[in-house]
Amino acid sequence: MDEVRATSAWVAARSSHVTIDHSGIEKVVETVKTSIPKVEWDFEGIHYFDDGPLTVQYLFVLDTLNFCFWPDKDLNYDDLASGLKEALQNDKSVFDADRLQKYAGPELRKLLKWPRPLPLEDERVRLLREVGLELEKNFEGKASNLVDSCGKSAEKLVTLVTRHFPGFRDHSVYKGHQVFLYKRAQIFAADLWGAFKGKGYGEFNDIGEITIFADYIVPAVLRQLGVLKYSAALAATIEANVEIGSGSEEEVELRACSVCAVEKMRELILKKSGKQVLSVELDIWLWSVGVQCPSLQHHRTLSIYY
Ligand SMILES: Nc1nc2c(c(CN[C@H]3C=C[C@H](O)[C@@H]3O)cn2[C@@H]2O[C@H](COP(=O)(O)O)[C@@H](O)[C@H]2O)c(=O)[nH]1
């Protein structure tokens, strides 16, 4: 994850639409003191869990589809997590690798009990096929084999996932430089760690290497906390719900500055209190604040990455 950290910092050092306010970070760290509000993974109680390989398959499918809910104003992440959970409870073979390759839009919709086409539905279906095919070809159809082959390293898992599954290669080119954010690949590792409570399939000796997951909720929360500042033009664009192009400077800056700001927050907490907090812990806290704030205005980018 050094690549994510280094390239995000590269962007933050050159950004003009989004800036990190160091006094804002100081304030947040001062407010939370040494204890980041502890938010449990699955605080919503919406995820499937059976302590076994089927949970790994579920989480991999979930994170394959974990992006861009906002174009449908009634759809959000909860609908996906609980919809897939129910589908799996009703039919244990629903995420078998051969079946993942066969879903078409209307069936996926039916699976999730969603009454109309999903946002980016064709892409969602294509990504499921890609996952089914590659799991079948290289991992005997099982995401748990993928995790088993990582030797308890989250970093290795992210590398393997991004190497095998092109849909997880969350990167962009900013001012001529390649920037890596790997949101869905990293969140898959974090979801395993959270669901299995750091044991079994969720045991990673290097979980501290993971950064936050650059989505559209966390930047908005960081802005609300005074950690990120937007240019007047960017603020107006977001306020007016105008879409921001995928790979645009604005979009890359929003995401990269969020990663970088939270890394700085983490460093400051360590400096002030000697306490090592994980980016994953900071992420779930920030994200849970964001999704519980109905008035939160976030940027809108059509993307398969987040
Ligand atoms: N940074 C970050 N982004 C996250 C998550 C999660 C869910 N994580 C689960 C794991 C354990 C917890 O108990 C959560 O349930 C989803 N997202 C992103 O949010 C957006 C969806 O927003 P809305 O349209 O309002 O539902 C979308 O980009 C989605 O990809 C997270 O944890 N961190």
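Rule-based calculations on the coordinates, nothing more; no lab input. Being a predicted model, the structure only gives us computed values, none of them experimental. All Cβ positions, glycine included, derive from the backbone under ideal geometry; neighbour counts span all protein chains shown.
Odds and ends about this structure:
- Cα long-axis angle, helix 121-138 against the chain (0 to 90 degrees, to the nearest 10): 70 degrees
- Look at the Cα gyration tensor of segment 177-250: its axes a ≥ b ≥ c give a/c of at least 1.5 with a/b over b/c, and that counts as prolate.
- Segment 40-122: C-alpha gyration tensor shape, a/c 1.5 cut-off, then a/b vs b/c: oblate
- Cβ-defined net charge surrounding residue 14, 15 Å radius [Lys, Arg +1; Asp, Glu -1]: -2
- Net lengthening on full extension, residue 113/residue 30 (0.36 nm per residue, minus Cα-Cα): 25.4 nm
- Taking Cα atoms only, the orientation of helix 22-32 departs from the longest principal axis of the chain by about 70 degrees.
- Label point 7 Å beyond Cα of residue 51 along Cβ direction - residues of segment 133-155 with amide nitrogen under 20 Å: 144-145, 148
- Out-of-range pairs (alpha-carbon distance over 21 Å; input 27/229; 73/110; 85/110; 113/137; 38/142): 113/137; 38/142
- Part-to-part distance (alpha-carbon centres) for segment 202-221 and segment 137-151, which is given in Å: 22 Å
- Its Cα gyration tensor gives segment 2-292 an equivalent ellipsoid. The semi-axes, each the square root of 5 times an eigenvalue, are 31, 22, 18 Å from largest down.
- Ranked for footprinting exposure by Cβ neighbours inside 10 Å, fewest first, 165, 49 give 49, 165.
- Residue by residue, segment 56-61 carries 3J(HN,Hα) couplings of 5, 4, 4, 5, 5, 5 Hz when phi is fed to the Karplus relation 6.51 cos²θ - 1.76 cosθ + 1.60 (θ = phi - 60°); x denotes Gly or Pro.
- Potential extension, residue 243-residue 138 segment - 0.36 nm per residue separation minus Cα distance: 34.0 nm
- In the chain, the sites counted are trypsin sites (Lys or Arg not before Pro) in DSSP loop states with at most 10 other Cβ atoms within 10 Å, and the longest stretch holding none of them, exclusive of the sites, is 74-198.
- Going from the fewest other Cβ atoms within 10 Å to the most, the residues 60, 69, 180, 213 appear in the order 69, 180, 60, 213.
- Exposure proxy ranking for 74, 79, 170, based on other Cβ atoms within 10 angstrom of each Cβ and starting from the fewest, stands as 74, 79, 170.
- Computed from the C-beta positions of residue 156 and residue 197, the FRET efficiency with R₀ = 25 Å rounds to 0.80.
- Charge sum, other residues only, whose C-beta stays under 12 Å from residue 66's C-beta, Lys/Arg counted +1 and Asp/Glu -1: -3
- Loop GluC sites (Glu not before Pro), segment 25-113 (other Cβ atoms within 10 Å of the site Cβ: 16 or fewer; DSSP): 40, 44
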